[in-house]
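J.: Structure provided below as C-alpha cells; questions to follow.
The values are calculated or read from the model by the stated rules, or taken from the named source; none is laboratory data. Quick caveat, the model's predicted, so the values are computed rather than measured. Note that each Cβ is placed from the backbone with ideal geometry, even for glycine, and that neighbours are counted across all protein chains shown. The accessibility values were calculated without ligands, DNA or RNA, using every heavy atom of the protein model including side chains. Shrake-Rupley method; radii C 1.70, N 1.55, O 1.52, S 1.80 Å.
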Amino acid sequence: MAERWRIIPKVIRLGSATSEDVPAERLDFYQWLVGEVFSAQATVEPSQTIYLSSNQLRSSAWQVYDRLVADVPTSADTDERIVVLVDFTLSPQELVIQTVAAYAGKAIGKLLLTDPNRHVLVMMPALKTGLLQSFRETVAEVDRAGHMIVQYDDGSRVRVSAGRDDTAIQRSDTEYTDQLRRLNQPIGDRLGGKVLRRLGHYRFGTSNEYCTRYFFDASYAVPEVSQLTKNLVVEERDASTGPLTIVSHQAHSPWLVEVGAEVAQRLGIQHHPLQAAGSLENLPDTGEVLLLLDVVNTRRTARSLINRLRQRGLTVRPTVVAVFVERERLGAGKDEFQMVVSRQSYRVRGVADPIDRRKTERARCDQCRAGIAPMDPRADRPGIRSFDMWEMLLAHEWVPEAYGPWDPDEVPSEAPRFSLAPDFERIFQDYGGWIAYKLDQMLEAVRLGGAGVKEAVYVCPAEPAMNTLTDLLKARRGARPVAVKIPRSVLWAVQQDDFSEVDRQVDVGWQRQLNLLAERESYAVAMIDEFNGSNTTALSMAKILGRFGIRAVAYLPVINRNPGSSLRLPGDLEVPIRALYEIPSPRPTPDGRR
C-alpha cells in the first residue's frame, strides 16, 4: 500500500493579538514544499495561526509548547506519514527569543518521540540555537535521523538529529525564497500584484455616453480583498446598534460574492448578494446593512442602491465599501471620498489602490467609430485582439533582437536575428499582468490529462523579459506556478544535439526542477516565450523536456511569427502551438526553411 502523507501546519505569529485562519494559498505553498522535501504528494489540514502577544512573550512563553503539541494526530497506520510543519517566518526575528525557541524545540522533541511516523519540518528566518539544542536534549539518544528538517529563508535546508552533526541537504533554493517572499509581503502589496487590469473596450459604468479601455478584475485576489474588507466591516459592525448585514452588488464581478461570503462567515454576520438585476426581494425589511460594491465611478449605482435600500426600510451604514474607486473621485493621497444621497452623507472607502479606467466619449472612441461593440467582461475569450496587441507593441520603440536561436558568435548568415523586434521587457512591465492572465487562460483551453492551471509549470528561456513575465505569473497566483528557466547557452547546444549539460546530474537549478517534475503526474507543463520565429527555441525546449521524460501539453508564445507551422518531436509526437496572437513574418533557417 502506498504511503499517505498528511501535513499539520503550526504557524507561529509572535506579537499578534489574536489567531487568524491560515490562507489557502499559504496552505498550497506548504503542500508544494513538503512535496519538494519528501518527494511525496501530501494533503494539508486547515489551520489557524498560533499567536502570542508581546505581554505573553514576556510572561508565558511556555504556551508555545502547549499549542505546538495540541491537536497533532498520531499516524493511523504504518503507511501514514504525519508532517508537522512549524512556520516561524511570519514572526519578526527579534521576537523569536531564546525561551520561545527552547519551548518550541522541546515540543518538537516530544512530537517525534511519541510517533515514529511523524516528521517535523521547521521554516525559520535564521539559525536559532535554542530550538535545535532543546530538540536534541529532549530526543537524547533516540534515533530520529532525518525526522526533523530545518528550512532556512535563504533556501538552504538541513537535517537535524540527536547526537549528530546537522546534514546539509540543499545549499539554496531560489524558488522557495521567491515564493516565501511573496507570501510574506504586506497584504496591500500582494493585492496590487494580483489585481488584473484587462485591456479591451468596455462600457463605463451605467453610462451610454462613455466607454473605457480597461476593466479591473480582482478574481485572483479574493483572499486579500476579503481580509482588507473584513477590517473595514469590523469598524462598522462595532459601531452599529444591532445585527449588521452585508449587501453586495456585483453586476460584472462575480468574485465579489466570494468576498462577501468570506467576510460574513468570519464575522458571524449575514450576507445577501444582489442578483444582476439588483432585486431586493430576498433582503430583510428592517435592520442595518453595509453596502459592498465592486467599483464606484459615476456614483449612479451607489446612489440608486442606497435609495432603494432605505425605501425598503433598511438603515444603510454611513460607510460604503468599494473594492475599486475611480481615481478622479479621490483627492491626492486619499482612499475615500464623501457623497450625499437624499441629504445624508456617506463615506465611500476603497479597498484596492485607486484605478484609472481611461474614460472616453463614445463619439471620440476609435473602437466605437470603427463599429466595435463594447465587450462583456464576463465573456472573455482566449487570445488577444488585434486592437489590443498593436497598442502594446507600439507603446515602446522597437529594439534589435537580443535573444534567439543560435549562439550570436556562430549564427549562420542565412538565419539572422530580426533587426527590430518589440521591446517585450518593457511591454511585460506595463501589461504583463494581463498577458500572464491570457497565458493561463490559453493553457486552460488546451490543457490535457485533467491538470488544471493551478498545477501549471511554465518552461521558458532564461531571459530578462521572460523573468519579468514569470514573476507576474507567480504574483497573480500567490507565488505559483513554478517557472523553469533554461539558459540560452543550453538551448543553443541542444540545437546542435549537444545534451552534455542537460545530462549533467546536479541538485540545484533547472535540472533539479525537471528531475522532480519527471517524478510527478499532477502538473501541466507548458512552454512559453515572447515570440516564435522559426520553432527552433521551442524545439530545443521540447527536446530537453523529453530527455527528462516530460511532454509539454502546449507551446504558448505571446506572438507566433510562424503561423501554420507544427512542432514535431521524434516518434511523430506533436506539441500544439497556441499563440496569443499571430503575425506572419517567420525567421529564415539555415536550410532555407521558414
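J.: Each residue of segment 357-374 in turn: what ³J(HN,Hα) in whole Hz from Karplus with 6.51, -1.76, 1.60 and θ = phi - 60°, glycine and Pro shown as x?
T.: 8, 6, 5, 9, 5, 4, 5, 10, 7, 4, 6, 4, 5, 7, x, 8, 6, x
J.: Across segment 265-271, in residue order, what do the Karplus-derived ³J(HN,Hα) couplings come to in whole Hz, using 6.51 cos²θ - 1.76 cosθ + 1.60 with θ = phi - 60° and x for Gly and Pro?
T.: 5, 5, 9, x, 10, 8, 9
J.: What fraction of the DSSP beta bridges in segment 260-392 is antiparallel, stated in percent and rounded to the nearest 5?
T.: On the way: 6 of 17 bridges.
Given both bridge residues lie in segment 260-392, the antiparallel proportion sits at roughly 35 percent.
J.: Calculate the radius of gyration of the Cα atoms of segment 283-435 to one decimal place, then report Dmax, the largest Cα-Cα distance, as a whole number, both in Å.
T.: 23.9, 80
J.: Could you give me the percent of Cα pairs per 5 Å distance bin for segment 147-206, shortest bin first, beginning at zero and ending with the bin that holds the maximum distance?
T.: The percentages, shortest bin first, are 4, 15, 15, 12, 12, 10, 9, 7, 5, 4, 3, 3, 2, 1, 0.
J.: Under 5 Å between amide hydrogens, which residues at least 5 positions from residue 341 or on another chain qualify, with H placed 1.01 Å from N in the peptide plane?
T.: Close amide H contacts, sequence-distant or interchain: 346.
J.: OK, next. If the rule is a partner Cβ under 4.7 Å, which cysteines in the chain fail it?
T.: 211, 460
J.: Specify the inter-centroid distance of segment 221-277 and segment 61-108, based on alpha-carbon positions, in whole Å.
T.: 34
J.: Given H placed 1.01 Å from N in the peptide plane, which residues other than close sequence neighbours of residue 148 have an amide H under 5 Å from its amide H?
T.: Under 5 Å from the amide H of residue 148 lie the amide H atoms of 120, 160, each far enough along the sequence or on another chain.
J.: If you don't mind, there's one more thing I want to ask. Determine the sum of side-chain charges near residue 241: Lys and Arg each +1, Asp and Glu each -1, restricted to other residues whose C-beta is under 13 angstrom from that of residue 241. It would help to have the intermediate numbers written out before the result.
T.: Values: positive: 237, 317; negative: 236, 238, 288.
Taking every other residue near residue 241 into account, the sum is -1.
J.: I want to check a number: in the chain, how many lysine pairs have alpha carbons closer than 17 Å, given a sequence separation of 8 or more or different chains?
T.: Close lysine pairs under the 17 Å cut-off: 11.
J.: Can you list residues whose amide H is under 5 Å from residue 123's amide H, if they're 5+ apart or on another chain and H is modeled 1.01 Å from N?
T.: Distant-sequence amide H within range of residue 123: 86, 87, 88, 151.
J.: Shifting gears a bit: When the Cα atoms of the chain are enclosed in a convex hull and the volume is divided per residue, what value in Å³ results?
T.: Values: hull volume 113.7 nm³, N = 594.
Normalising the Cα hull of the chain by residue number yields 191 Å³.
J.: PRE reach from residue 252 (point 7 Å along Cα→Cβ): which of segment 309-327 fall under 17 Å by backbone N?
T.: Those under the cut-off are 322-327.
J.: Now for a separate question. Please compute the net charge surrounding residue 76, taking Lys and Arg as +1 and Asp and Glu as -1 over other residues with Cβ under 13 Å from its Cβ.
T.: On the way: positive: 4, 6, 81, 118; negative: 3, 77, 79, 80, 115.
For residues surrounding residue 76, the net value is -1.
J.: Something else about it: Please name whichever of 42, 195, 435 sits farthest to the positive end of the charge dipole of the chain, dipole taken about the Cα centre and charges placed at Cβ: Lys and Arg +1, Asp and Glu -1.
T.: Final value for the positive-end residue is 195.
J.: Can you tell me the dipole magnitude for the chain around its Cα centre, using point charges on the Cβ only (Lys, Arg +1; Asp, Glu -1), in Debye to the nearest 20? Provide the component values of the computation, followed by the final result.
T.: Details: 74 positive and 77 negative charges, 392 e Å.
Charge dipole, the chain, about its Cα centre: 1880 debye, nearest 20.
J.: With label points built 7 Å along Cα→Cβ from the Cα atoms of residue 69 and residue 361, find their separation and express it in nm.
T.: It works out to 7.6 nm between the two label points.
J.: Using 0.36 nm per residue, how much length does the chain from residue 172 to residue 396 gain when fully extended, once their Cα-Cα distance is taken away?
T.: Numbers: separation 224, 0.36 × 224 = 80.64 nm, distance 3.71 nm.
Gain on stretching residue 172 to residue 396: 76.9 nm.
J.: For every helix of n ≥ 4 consecutive DSSP H residues, a contribution of -39,500 (n - 2.57) applies; sum these over the chain, divide by its total residues, and give [θ] at 222 nm rounded to the nearest 500 deg cm²/dmol. Walk me through the numbers before you get to the answer.
T.: On the way: 18 runs with 199 residues, N = 594.
For the chain, the value works out to -10000 deg cm²/dmol.
J.: If a/c stays under 1.5 just call it rounded; otherwise compare a/b with b/c (prolate if a/b is bigger, oblate if not). Do that for segment 1-84, with a ≥ b ≥ c from the square roots of the Cα gyration tensor eigenvalues. Let's see the in-between values first.
T.: On the way: a/c = 3.08, a/b = 1.88, b/c = 1.64.
Because a/c hits 1.5 or more and a/b exceeds b/c, segment 1-84 counts as prolate.
J.: Taking θ = phi - 60°, what integer Hz values does the Karplus form 6.51 cos²θ - 1.76 cosθ + 1.60 yield along segment 23-40, in sequence order, with x for Gly and Pro?
T.: Each residue's phi maps through the Karplus curve to give x, 4, 5, 6, 4, 4, 5, 4, 4, 4, 5, 4, x, 5, 6, 9, 6, 9 Hz.
J.: Taking a quarter of the surface of the convex hull around the Cα atoms of segment 142-274, what do you get in nm²?
T.: Working: hull surface 55.5 nm².
The orientation-averaged projected area of the Cα hull of segment 142-274 comes to 13.9 nm².
J.: Leaving out ligands, DNA and RNA, what percent of the accessible area of the chain is carbon and sulfur, probe 1.4 Å?
T.: Using a 1.4 Å probe with all protein chains present, the chain comes out at 47 percent carbon and sulfur.
J.: Set the Förster distance to 22 Å, then compute FRET efficiency between residue 315 and residue 53 from the Cβ-Cβ distance, nearest 0.05.
T.: Numbers: r = 36 Å, r/R0 = 1.62.
Here the calculated transfer efficiency is 0.05.
J.: Give the accessible surface of the chain per residue, rounded to a whole number of Å², with probe radius 1.4 Å and ligands, DNA and RNA excluded. List each step's numbers first, then the result.
T.: On the way: 26160 Å² over 594 residues.
For the chain, the per-residue accessible area is 44 Å².
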